[in-house]
Amino acid sequence: PNVVAPGVGVRSSIPNGQYASFSGTSMSGPHTVGLVALIISANPELAGQVETIENIIELSAKPLNPESECADLPNETIPNYTYGYGRINAFNAINKALLLSPDNHTQNVRLFPNPFIDNTTFEIKNLAGDVNLEIYNISGQLLHVIKLLNLSDYELKTIKFSHLSQGLYIYKIKNSDTEFKGKFLKLY
């Protein structure tokens, strides 16, 4: 599995204002769907970004280790064959979603996936010519400048950021007359 969710002895409402305990995917499925709804409610810009929402859920889960090895995979490995990335954690997931708050550039620059582990793709519109992609830490310190040459009015550029540590970063994409900026979250 990718993640696990509460599914044993879950109290649920039943007809006539009563409650009962149930177990199984009929209980864990609604927990996960509810988490997706909470994530989109916290950050409506994530609506339709299935891969990003999956990443948020997986990377915010509480890691769980199986009691024994499975298929020669050490039991401390995350993700693992028993629990995947772990048990879903709504609080952590919503906090990650809030870090991806929308910026006013969203019509011209989009990143996917965001958050990401090593690589992300910039979709850049309406910014032709030679462009600088500047990366800043959250304190505003310039960390890296990437030159993107001869861009057309629409470009997809995949950039590797494995050299960056985990954290929230600010990017600026600019040419001589226009600048777009936003944020991204590097995981691990």
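Distance distribution P(r), region 103-188, all Cα-Cα pairs, bin width 5 angstrom from 0: 3, 14, 28, 28, 18, 7, 1 percent. Give the Debye-formula value of log10 I(q)/I(0) at each listed q (0.17, 0.18 Å⁻¹), with one equal scatterer per alpha carbon of the chain, two decimals each. Ignoring solvent entirely, the Cα scatterers give -1.09, -1.17. Beta bridges assigned by DSSP with both partners in the chain are antiparallel in approximately 95 percent of cases. Put a dot 7 Å past the Cα of Ser165, heading toward its Cβ, do the same for Thr121, and the two dots end up 3.1 nm apart. Helix 25-42 and the longest principal axis of the Cα set of the chain meet at an angle near 30°.
Helical runs (DSSP H, four residues minimum) scored at -39500 (n - 2.57) apiece and divided by the length of the chain put the mean residue ellipticity at 222 nm at -6500 deg cm²/dmol.
Over region 31-133, the reciprocal of the mean inverse Cα-Cα separation, the Kirkwood hydrodynamic radius, stands at 15.5 Å.
The HN-Hα couplings worked out from phi for region 123-129 by the Karplus form 6.51 cos²θ - 1.76 cosθ + 1.60 (θ = phi - 60°) are 9, 10, 10, 6, 8, 8, x Hz, whole numbers, x standing for Gly and Pro. Once backbone amide H atoms are built at 1.01 Å from N, Gly86 has Val4, Leu64 as its partners under 5 Å, excluding neighbours fewer than 5 places away on the same chain. Derived scalar couplings between HN and Hα for region 6-15 equal x, x, 10, x, 8, 6, 9, 6, 10, x Hz in order, rounded to whole Hz, by the Karplus curve 6.51 cos²θ - 1.76 cosθ + 1.60 (θ = phi - 60°), x for Gly and Pro.
When the inverse distances between all different Cα atoms of region 28-83 are averaged and flipped, the Kirkwood radius reads 12.9 angstrom.
For the pair Glu179 and Val50 in one chain, pulling the backbone fully straight at 0.36 nm per residue adds 43.6 nm over the alpha carbon distance.
Between Ser12, Ser176, Ser23, the residue with the greatest mean-square fluctuation in the GNM of the chain (Cα pairs under 10 Å linked by springs) is Ser12. Between Gln107, Gln141, Gln18, the GNM of the chain built on Cα springs shorter than 10 angstrom shows Gln18 fluctuating the most. Contact order for the chain, expressed relative to its length and based on alpha carbon pairs under 8 Å spaced 6+ residues apart, stands at 18 percent.
Here, each number is a calculation from the coordinates, and none is a lab measurement. As the structure is a computational prediction, the values presented were derived from the model and not from experiment. Cβ atoms come from the backbone with ideal geometry, glycine included; neighbour counts cover every protein chain shown.
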